[in-house]
Amino acid sequence: MAEIYNGSTRDAGFRKFELRESNFVFWKSKVIDKSDLQSTLDLSIDNVNPKATQIDLLFEIVLKSGFSCSEIISEVKLAGKVVFSIANGALLICLEDKLTAELIDAVIELEPMQFICLDKGFQGNDQLKANTAQAFKTHSQNSDVETVFKVV
C-alpha cells in the first residue's frame, strides 16, 4: 500500500488544501416548467465536475464523511480496481468508472465502517446497484460490523 499525496506516492510531511466549490453538481429543486426540469435532470446524470481530479473527489468525500485531512490514505487493488483506504480501512472509497460484483464482494470481505462509490460507476446498472445495497445490508445483519454503503 502506498500513501497518496497529490497523485503520487511521495510523502512531503504535509498537505496543502484550498477551500473551493464542490466537485459535485447539486440538485436545483426550483423548477418552473418541463424544459427546465428536463435540463436539470440531464445535468444530474453525471454529477461530477469534469475538471475535478480523483484527488479532488477523494479529499472532498473524506471530509464530508467526517474524517480529517490528516488521515492516512492508502491505495489498495481489489478485483483489479483501485480503492482508497482511509484510516486503516475504516472508510473505503472507490472512484472507478465501472464497478463490478467482484469488487463489491472484495470490499464487503474487508468489513469497512463505510464504503462510498460514485453513482456513475454503476453505469446505469440498477440491478448491480440494488444488489450492492442489499449485499451490504445482509452482511451487516449477519456480522458484528455494520458497514454503511453510500453512493455520491
Total residues in region 65-102, condition over 18 Å from residue 132 (Cβ atoms), at pLDDT below 95 and of a type in the set (D, E, K, R)
1
Applying the selection to region 79-88, what residues are aliphatic (A, V, I, L, M) and open to solvent by 40 Å² or more (accessible area, probe 1.4 Å)?
79
A careful count of residues in region 63-82 that are touching a residue at least 24 places away in the same chain (Cβ under 8 Å), more than 17 Å from residue 53 (Cβ to Cβ) and either among the aliphatic types (A, V, I, L, M) or in a loop (DSSP other than H, G, I, E, B) (or both) gives 7
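The values are calculated or read from the model by the stated rules, or taken from the named source; none is laboratory data. Everything numeric here is computed off the predicted structure, so don't read it as measured data. Cβ coordinates were reconstructed from backbone atoms using ideal geometry, including for glycine residues, and neighbour counts include every protein chain displayed. Remember, those area values only see protein heavy atoms, side chains included, never the ligands or the DNA or RNA. Shrake-Rupley method; radii C 1.70, N 1.55, O 1.52, S 1.80 Å.
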